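Only one structure is covered here, and it is reproduced in the block below.
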Amino acid sequence: MNRFERLIRVMARLRSPDGCPWDLKQDHQSLKPYLIEEAYEVIEAIDSGDDQKLKEELGDLLLQIVFHARLAEEKGRFDIWGVAEGICEKLIARHPHVFEKRRKITPEEVLQNWEHIKLANSGRKGYSVLEGVPKSLPALLKAYRVQEKVARFDFDWERAEEVFEKIKEEVGELERSFHEGEKRKVKDELGDVLFSLVNLCRHLGLSPEEALNSTTEKFKRRFEYIENRLREKGKTLSDSNLEEMDRLWEEAKERLK
């Protein structure tokens, strides 16, 4: 018995009548938060550069996949082996440059071919190339994926400079809506600005999620500096004012470069 088979047997034991009461209580819906949480923990492990942590978090994520497959198997719908077979068939079908007629193509061409093959094999009237973008994705990532998908069919700006112009246009429309005082329109125009900024990130080869997260963490470090400096003076945020906090903010920018 190999290690993967052992994992499947351990999962089956946990779900057996005399197994773990917590595991027995779970279903696909109740496990959803854990699947998302484990995926984010894998990302944190990657960012940390800690191989041992990454190994552990990948194991936790793999457990979620095996758990969901076990739930489906108990109802006679599919099993983990069907999951593995399905992804193998998909990978072979979407990589004809490797498994059929071997030829050299760029990473960008691989992604473009993937979408075109997926469209050709959809076999369903009314199929949209955007169906593969999960509705539950965080907004920035969803915008990025939608733009990425349509760009593979050449529905895209050619140069980043064009996106800058679009951003200026959208900001102007947002400002006009703000002065008109129409809240619903302001919301729409603000969304257009954010969508255009995501487009710029994509053209620059940057992740909007990572860019925003990096700035948020930088803001947190600087604000925590303000709090610490106030404590040194025997003060709290409530005892301070905007002028003092602005002064400490500028100090933080210099000291935390």
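The values are calculated or read from the model by the stated rules, or taken from the named source; none is laboratory data. What you see is a predicted model; the values in this text were computed from it and never measured. Cβ coordinates were reconstructed from backbone atoms using ideal geometry, including for glycine residues, and neighbour counts include every protein chain displayed.
Which of the residues that make up the range 52-75 are over 19 Å from the mean Cα position of the chain (by Cα) and either within 13 Å of HIS28 (Cβ to Cβ) or not assigned by TED's automatic domain parsing to the domain that holds ASP23 (or both)? Break it down into steps so the answer makes sense when it comes.
At the first step, the residues of the range 52-75 found to be over 19 Å from the mean Cα position of the chain (by Cα) are 52-53, 55-56, 59, 63, 66-75.
Passing the criteria: PHE67, HIS68, ALA69, ARG70, LEU71, ALA72, GLU73, GLU74, LYS75.
Could you check the range 50-64 and list, in sequence order, the residues that are out of contact with any helix residue (DSSP H, G or I) (no Cβ under 7 Å at 6 or more places or on another chain) and among the hydrophobic types (A, V, I, L, M, F, W, C)?
Here is the first cut: in the range 50-64, the residues out of contact with any helix residue (DSSP H, G or I) (no Cβ under 7 Å at 6 or more places or on another chain) are 50-52, 55-56, 59, 62-63.
The answer is LEU62, LEU63.
Just the residues that are without any contact (Cβ under 8 Å) to a residue 40 or more places away in the chain, in contact with a helix residue (DSSP H, G or I) (Cβ under 9 Å, 6 or more places away or on another chain) and surrounded by 10 or more Cβ atoms within 10 Å (Cβ to Cβ), please, taken from the range 11-22.
Residues satisfying the conditions are LEU14, SER16, GLY19, CYS20.
So which of LYS220, LYS166, LYS183, LYS187 is at pLDDT 95 or above and more than 23 Å from LEU130 (Cβ to Cβ)?
Details: LYS166 fails: more than 23 Å from LEU130 (Cβ to Cβ); LYS183 fails: at pLDDT 95 or above; LYS187 fails: more than 23 Å from LEU130 (Cβ to Cβ).
Being at pLDDT 95 or above and more than 23 Å from LEU130 (Cβ to Cβ) holds for just one of LYS220, LYS166, LYS183, LYS187, which is LYS220.
Across the range 198-245, what is the total count of residues that are of a type in the set (D, E, K, R), out of contact with any helix residue (DSSP H, G or I) (no Cβ under 9 Å at 6 or more places or on another chain) and farther than 30 Å from GLU170 by Cα?
Of the residues in that region, 3 qualify.
Examine the range 9-31 for a residue that is β-branched (Val, Ile, Thr) and closer than 30 Å to ALA211 by Cβ, and state whether such a residue exists. Lay out the reasoning, then the answer.
Initial filter on the range 9-31 (β-branched (Val, Ile, Thr)): 10.
Still in the running and closer than 30 Å to ALA211 by Cβ: none.
No, because not a single residue in the range 9-31 is β-branched (Val, Ile, Thr) and closer than 30 Å to ALA211 by Cβ.
Any residue at all in the range 59-77 that is modelled with pLDDT under 95 and loosely packed, with under 12 Cβ neighbours inside 10 Å?
As a first pass, look at the range 59-77 and keep what is modelled with pLDDT under 95: none.
No: zero hits.
Across the range 132-165, which residue is surrounded by the fewest Cβ atoms within 10 Å (Cβ to Cβ) among those that are assigned to a loop (DSSP other than H, G, I, E, B) and either in contact with a helix residue (DSSP H, G or I) (Cβ under 6 Å, 6 or more places away or on another chain) or among the polar types (S, T, N, Q) (or both)? Before you say what the answer is, go through the steps one by one.
Keep residues of the range 132-165 that are assigned to a loop (DSSP other than H, G, I, E, B), which gives 132-138, 152-159.
Next, from what is left, pick out any that are either in contact with a helix residue (DSSP H, G or I) (Cβ under 6 Å, 6 or more places away or on another chain) or among the polar types (S, T, N, Q) (or both): 133, 136, 152, 157.
Details: VAL133: 16, SER136: 7, ARG152: 19, TRP157: 18.
Once the filter is applied, the top-ranked residue is SER136.
Hey, among the residues in the range 201-257 that are more than 30 Å from ARG159 (Cα to Cα) and among the β-branched types (Val, Ile, Thr), which one's surrounded by the fewest Cβ atoms within 10 Å (Cβ to Cβ)?
Checked the range 201-257; the qualifying residue surrounded by the fewest Cβ atoms within 10 Å (Cβ to Cβ) is THR236.
Can you name the condition, by its number, that LEU174 falls short on among (1) modelled with pLDDT under 95; (2) crowded, with 17+ Cβ neighbours inside 10 Å?
(1)
Within the set of pairs 6 or more residues apart or between chains, which connect a residue that is of a type in the set (Phe, Trp, Tyr) inside the range 245-257 to a residue that is part of a helix (DSSP H, G or I) with Cβ atoms less than 7 Å apart?
From residues that are of a type in the set (Phe, Trp, Tyr), the pairs are TRP249/ARG222; TRP249/ILE226.
Wholly within the range 1-51, which helices (runs of 4 or more DSSP H) include no fewer than the required count, namely at least 2 residues that are at pLDDT below 95 and assigned by TED's automatic domain parsing to the domain that holds ILE65? Spell out the reasoning first.
On the way: elements: 3-14, 21-25, 28-48.
Because the criterion is at least 2 residues that are at pLDDT below 95 and assigned by TED's automatic domain parsing to the domain that holds ILE65, the helices (runs of 4 or more DSSP H) in the range 1-51 that meet it are 28-48.
What are the residues in the range 76-111 that are basic (Lys, Arg), more than 27 Å from the chain's Cα centre (by Cα) and over 27 Å from GLU5 (Cβ atoms), if any?
As a first pass, look at the range 76-111 and keep what is basic (Lys, Arg): 77, 90, 94, 101-104.
Those still in the list that are more than 27 Å from the chain's Cα centre (by Cα) too: 77, 101-104.
Of everything in the range 76-111, those that are basic (Lys, Arg), more than 27 Å from the chain's Cα centre (by Cα) and over 27 Å from GLU5 (Cβ atoms) turn out to be LYS101, ARG102, ARG103, LYS104.
Residues checked against (1) touching a residue at least 24 places away in the same chain (Cβ under 8 Å); (2) not in a helix (DSSP H, G or I):
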{"site": "GLU173", "(1), (2)": "no, no"}
{"site": "SER196", "(1), (2)": "yes, no"}
{"site": "GLY205", "(1), (2)": "no, yes"}
{"site": "GLU209", "(1), (2)": "yes, no"}
{"site": "ASN213", "(1), (2)": "no, no"}
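Test VAL98 against the stated conditions and say whether it is among the β-branched types (Val, Ile, Thr) and either in the same structural domain as ILE8 (by TED's automatic domain parsing) or under 28 Å from ASN213 (Cβ atoms) (or both). I'd like the intermediate steps shown before the answer.
Values: among the β-branched types (Val, Ile, Thr): yes; either in the same structural domain as ILE8 (by TED's automatic domain parsing) or under 28 Å from ASN213 (Cβ atoms) (or both): no.
Here the answer is no, as VAL98 does not meet what is asked.
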